[in-house]
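Structure first, commentary second.
The values are calculated or read from the model by the stated rules, or taken from the named source; none is laboratory data. A quick note: this is a predicted structure, and the numbers were derived from the prediction, not measured. Heads up, the Cβs are rebuilt from the backbone with ideal geometry, glycines too, and the neighbour counts pull from every protein chain shown.
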Amino acid sequence: MRQIQHDGGKTPQKPAFKRFWHQEMADELNDDLSTGTFPQVKKRPPKTRRSGRAKILTSILMTLLCALLGFGYVTQLQNSQSSYSTLSEDELVRLLDETSKQIDNLESQKSQLSEQLKSIQSAADKQKEVERVAKENEESSGILSGRLPAQGEGVVITIGQKDKHIPASTMFTLIEELRNAGAEVMEFDGVRVVTSTSLIDTENGLNCSGQNVEPPYVIKAIGDPSSLQNAVQIAGGVGSQLRVKYDAGVTVKQSDNVQIDSVRQSTDYKYAKTVE
């Protein structure tokens, strides 16, 4: 007779393979997608040839873009280098001289402002010192802005026009050359030249900041006379272009007392007001 052993009243254990088989059956029933208990995950479609072609085209486009950017950079670098290599020795000397003068002017302005700041900081009555400095700068700022007349050594330039019309762009270049050469105050045919001055072509001449002017044009500039004359008369400069290209007569006279009486009226602003 077969004996059945009991382990203290406990339920006899099933073999391991039976427990595993029952567990699998239960998992399959629980994982049935028809019940809607678990979300159905779709598999990714296999990669097609189109995606591979897209990658190749993208790589080609990126390569072309990089090549174009590199070509543009090299071209710009070569142009910037050639712009100086084509200049004559006199033009390079003039450019270096103008740059040095601009640096000296900036250093002088920096020193002046630093001294004014120190005087304000060390003054017992700072408000009174600020008013003194403001009054001291009022004259110079008035001259630079065109509100006050000015006089000093400089040059008087006369430009006569013949058959060919001298465009406004060429005259504007002349003004810029004088400014780069250190001109502090300028006047164009009785019109005060400031930062907002404009030149426009007309049938009979030019329009300078709303005022019609006709040749011969007279330009007055206050600054170092030799530097201003060199800016106009240098070989290959704007003076040579006026003579060769437009058959214009250009004369430059140095003077120890250039008088500029024309002024620019202050603009009436609608919203901005002067701080007192």
Being in contact (Cβ under 8 Å) with a residue 40 or more places away in the chain and of a type in the set (Val, Ile, Thr) is the filter here, so list the residues in region 225-247 that pass it. Val232, Ile234, Val238
From Gln81, Gln112, grab the single residue that is modelled with pLDDT of 70 or more and farther than 21 Å from Leu178 by Cβ. Gln112
Residues satisfying the stated conditions in region 174-203, i.e. part of a helix (DSSP H, G or I) and surrounded by fewer than 15 Cβ atoms within 10 Å (Cβ to Cβ): Glu176
Of all residues in region 234-269, how many are surrounded by fewer than 13 Cβ atoms within 10 Å (Cβ to Cβ), in contact with a Ser or Thr (Cβ under 9 Å, 6 or more places away or on another chain) and assigned by the TED database to the domain that holds Glu176? 3
Quick test for you: out of Ile120, Ile157, pick the one residue that is modelled with pLDDT of 80 or more, in the same structural domain as Ser226 (by the TED database) and not aromatic (Phe, Trp, Tyr). Ile157
